[in-house]
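The values are calculated or read from the model by the stated rules, or taken from the named source; none is laboratory data. These numbers were taken from a predicted model, which means no experiment stands behind them. Backbone-built Cβ (ideal geometry, glycine too); neighbour counts: all protein chains shown. We work out accessible area using only protein heavy atoms, side chains counted, and drop any ligands, DNA or RNA first. Shrake-Rupley method; radii C 1.70, N 1.55, O 1.52, S 1.80 Å.
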Amino acid sequence: MTRPPTVAQRRVIDAADPVTGRLRGTESQLTALVKRGLAFRHPRPPHDHFLTPEGHRVRQGITQAPEPDGLGKAPASTGVFAARVGGEEAAADAGPARRREVHSAWQGLLELRRMTNPGGDVDRPCGWERAHLVRAAALALEAAGHGPAGREGPGYRVRETPQPEAVAVHEPDGEALRACAATLEGAGWQVSEHREPRGGTRYLLASPRRA
């Protein structure tokens with residue numbers, strides 16, 4: 001697990017605006033939070049800094065163990081909240097506490113869209129999602145109630161692909177796969193269904209919609 005924020009960084013996180021997640025701190029503190037994925041710098045003047053969904057989770061004192069990394073595997077956790085991409089041992093844990101965490105993270109992501117998309121558009125992905133494709137798509141699925149796969153068994157799995165700005169979504173049940181497609185489309189993703197060259201198994205390719 002990555003080391004926790006320093007005392008000074010934690011004070012900056014705790015002092016963030018409770019609604020927008022806007023941060024105040026020294027340039028070095030804010031830069032360090034950006035490098036750790038806990039904050040992002042708004043691309044437009046005055047270039048304020050805001051908490052990412054992971055930063056909001058740290059503010060609430062919620063952490064999560066790391067996961068395997070690599071193409072075709074679940075990406076490593078930052079040590080704070082991460083949507084379940086499928087394949088984690090903890091994927092079976094879908095109790096009330098987890099549902100509250102996911103709901104809060106999704107609301108935080110919608111706020112990021114409102115703060116960073118032109119015109120405050122919340123119907124399409126923002127820059128943070130484009131930089132964290134697998135985790136963003138997985139959060140949209142988990143927030144909508146889809147079940148991630150465990151180490152074995154049914155459920156969705158979101159994985160990186162060699163294609164720029166696209167993730168693959170695997171779900172062995174055909175009806176559940178179509179439901180995943182509908183959820184991602186509703187969350188502002190462009191989705192197409194494909195078959196694997198070997199075996200013909202169906203899967204989805206999903207990319208963040210730009211307009």
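A quick yes/no check of all residues on (1) buried (at least 16 other Cβ atoms within 10 Å of the Cβ); (2) in contact with a Phe, Trp or Tyr (Cβ under 8 Å, 6 or more places away or on another chain):
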residue: Glu101; (1), (2): yes, yes
residue: Ser104; (1), (2): yes, no
residue: Gln107; (1), (2): no, no
residue: Trp128; (1), (2): yes, yes
residue: Ala137; (1), (2): yes, yes
residue: Ala140; (1), (2): yes, yes
residue: Ala149; (1), (2): yes, yes
residue: Glu152; (1), (2): no, no
residue: Ala168; (1), (2): yes, yes
Handout entry: Segments classed as helices (runs of 4 or more DSSP H), wholly inside segment 93-155, with at least 2 members that are on the phi < 0 side of the Ramachandran plot and in contact with an Asp or Glu (Cβ under 9 Å, 6 or more places away or on another chain)
Key = 96-116, 133-143
Practice task
Please name all residue pairs, on different chains or six or more residues apart, with Cβ atoms under 7 Å, provided the first residue is in segment 115-143 and is over 18 Å from Gln163 (Cα atoms) and the second residue is assigned to a helix (DSSP H, G or I) and open to solvent by 40 Å² or more (accessible area, probe 1.4 Å).
Solution key: Thr116/Gly127; Gly120/Arg114; Val122/Leu110; Val122/Arg114; Leu139/Trp106; Ala143/His103; Ala143/Trp106
Fill in the blank from the handout: Note: among Gly72, Gly87, just one is modelled with pLDDT of 85 or more, under 22 Å from Ala149 (Cα atoms) and not in a helix (DSSP H, G or I), namely Gly87
Handout entry: Positions within segment 172-195 being open to solvent by less than 70 Å² (accessible area, probe 1.4 Å) and touching a Lys or Arg at 6+ places or on another chain (Cβ under 8 Å), in sequence order
Key = Gly174, Leu177, Gly188, Trp189, His194
Handout entry: Pairs where the first residue, in segment 37-49, is on the phi > 0 side of the Ramachandran plot and the second is part of a strand (DSSP E or B) and open to solvent by 20 Å² or more (accessible area, probe 1.4 Å), C-beta under 7 Å, 6+ apart
Key = His47/Arg41
Handout entry: Counted residues, segment 38-58 - those being open to solvent by less than 50 Å² (accessible area, probe 1.4 Å), over 18 Å from Ala105 (Cβ atoms) and either out of contact with any Leu (no Cβ under 6 Å at 6 or more places or on another chain) or part of a loop (DSSP other than H, G, I, E, B) (or both)
Key = 2
Practice task
Report yes if some residue within segment 27-37 is within 18 Å of Glu111 (Cβ to Cβ), modelled with pLDDT under 80 and either open to solvent by 10 Å² or more (accessible area, probe 1.4 Å) or not in a strand (DSSP E or B) (or both); otherwise report no.
Solution key: no
Problem - The listed residue being touching a helix residue (DSSP H, G or I) at 6+ places or on another chain (Cβ under 7 Å) and of a type in the set (D, E, K, R), out of Glu160, Glu185 - result: Glu160
Handout entry: Selected residue (criterion: nearest to Gln163 (Cα to Cα)) from residues of segment 186-200 that are assigned to a loop (DSSP other than H, G, I, E, B) and touching a residue at least 40 places away in the same chain (Cβ under 8 Å)
Key = Gly188
